[in-house]
1. Give me the extension gain from E90 to N397: residue separation times 0.36 nm, minus the current Cα-Cα distance, reported in nm with one decimal.
2. Find the relative contact order for the chain and round it to a whole percent, using C-alpha pairs within less than 8 Å whose residues are 6+ positions apart.
3. Report relative contact order for region 1-143 in percent, whole number only (criteria: Cα-Cα under 8 Å, sequence separation at least 6).
4. Given the C-alpha centroids of region 66-95 and region 280-305, what is the distance between them in whole angstrom?
5. For the chain, find the longest principal axis of its Cα atoms and tell me its angle to the long axis of helix 352-361, 0 to 90°, nearest 10.
6. State the dimensionless ratio Rg/Rh of region 178-272 (Rg: radius of gyration of Cα atoms; Rh: Kirkwood radius).
7. Accessible area per residue for region 61-198 in Å², computed with a 1.4 Å probe and the full protein assembly in place, what is it?
8. Subtracting the Cα-Cα distance from 0.36 nm times the residue separation, let me have the gained length for Q262 to W337 in nm, one decimal.
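The values are calculated or read from the model by the stated rules, or taken from the named source; none is laboratory data. Because the structure is a prediction, the values reported are computed rather than measured. Here Cβ is always computed from backbone atoms with ideal geometry, including for glycine, and neighbour counts include all displayed protein chains. These area figures cover heavy atoms from the full protein model, side chains too; ligands, DNA and RNA do not enter into them. Shrake-Rupley method; radii C 1.70, N 1.55, O 1.52, S 1.80 Å.
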Amino acid sequence: MFTTLILSRIQFGFTIGFHILFPTLNIGLAIFICIFEGIWLKTQNPKYLQICKFWTKIFALTFGMGVVSGVVLSYELGTNFNGFTNAVGEVLGPLFAYEVMSAFFLEAGFLGIMLFGWKKVNPKIHYSATLLVTIGTIISAFWILSANSWMQTPTGYYLIGNKFIVKAWSEVIFNPSFIPRFIHMILAALLTTCFVITGISSWYILKKRAIDLAKPCLAIAICLAAIVGPLQLFVGDLMGLNIYHYQPLKTAAIEANWNTMQGAPFVVFAIPSSTQGKNLFEVKIPYGASLINTHSFQGTLIGLNSVPKADQPVVAPTFFGFRIMVAIGMLFILTAWMGAILLYRKALFTKNWFLRLCIWISPLGFIAAIAGWITAESGRQPWIVYGLMRTANAASNIPMEHVLISLMLFIVGYGFVFSFYLYYLFKTIRKGPEHLEIPTLTLGYMPQPNDEVLDDNE
């Protein structure tokens, strides 16, 4: 049965799930462009400049989509969740403002130089602009993750009535779950981008196009993924320990663990039933959940049935979202290490089965990012501010029909815009980097023919 609250949550979930695709790619792309532009400045090999220009075009296209899809989110909070914005506005409002002031202006200010400054500024100045845009994307993630983490583990506040007032900004910004969540997101963006680049580069190699440009992209992306993958696994473990400590019921939902127990098994697959308070079918590994979440075979996990049903998280999406995210992450690690071994044996560019594998799995990072976000957000329910404010109290009192109409408009509008994005994305990829002009650039200013040459004796 649909209500205003349910439709508002579906609408926000749809729009933010759509938006998260673009920053995820842009954070990683910005880092990659920095790497390749740095290599070009060091080697002066024009093929690295051509690589930079190609990926910068995709970065610019994705940046535009991120801005367009992100603008509506703040308006949506105001219209559909005014109970939430009225309560937390003094805490989260400044964090979003800091994001705009410090990150968006930095990105927008230097993006023009990054895109159009190849022939107009000194290469070192251009590289500085690229670095500042990259820093801007990371700062943007910093503030957004800080705000969302505060909703997961709120600290540094006091309550006056139903309003949250800041007591200490340092505790608000660096709340207990912020650091691992921020690093987890940056690594997820980097890993997602690694496999987008490996997929596109593999396609060029199989098509025997722009091979000289695709090979270094594939090699660097595979090497970086081989490093980032295990690092992400380590940070993910830290994230799990953090959730166990601060949000034990989310851990219970992730593990589909209904009864408090020591030595809880890891449920590989199950059909969880919130109405019956148990799993209807399950495949499990003894002691696995306790070992993962407490680093002890006999660690104790709180069960979902330890609290009333009204206080239990949404189990099914939390349970399956976590497994999809982890499965894709493990596939990425395995693939990256296979690629690193093939590169060491000088067979990376000749194994067609591996190149096809890279193409097929290249979009999976986006699915993992959305699955991870679903795990984090559905596991926080029924709280919008964990343990303090219920989501049901956050929704605006507006007619359900209004939310339904706006939801349908968002689906149609986003579908229309996304179709154009994919069209120009694939058009850019099909056109390839080999068609991009390589400008003649030098390290330092060179006098132009029309410049006035001054005599040294003047």
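1. Details: separation 307, 0.36 × 307 = 110.52 nm, distance 2.14 nm.
Fully extending the segment from E90 to N397 adds 108.4 nm.
2. Values: 664 pairs, mean separation 95.5, N = 458.
In percent, rounded to a whole number, it is 21.
3. With pairs under 8 Å counted, the relative contact order is 30 percent.
4. 37
5. 50
6. 1.19
7. Details: 5660 Å² over 138 residues.
Per-residue accessible area for region 61-198 comes out at 41 Å².
8. Details: separation 75, 0.36 × 75 = 27.00 nm, distance 3.55 nm.
Here the segment from Q262 to W337 would lengthen by 23.4 nm.
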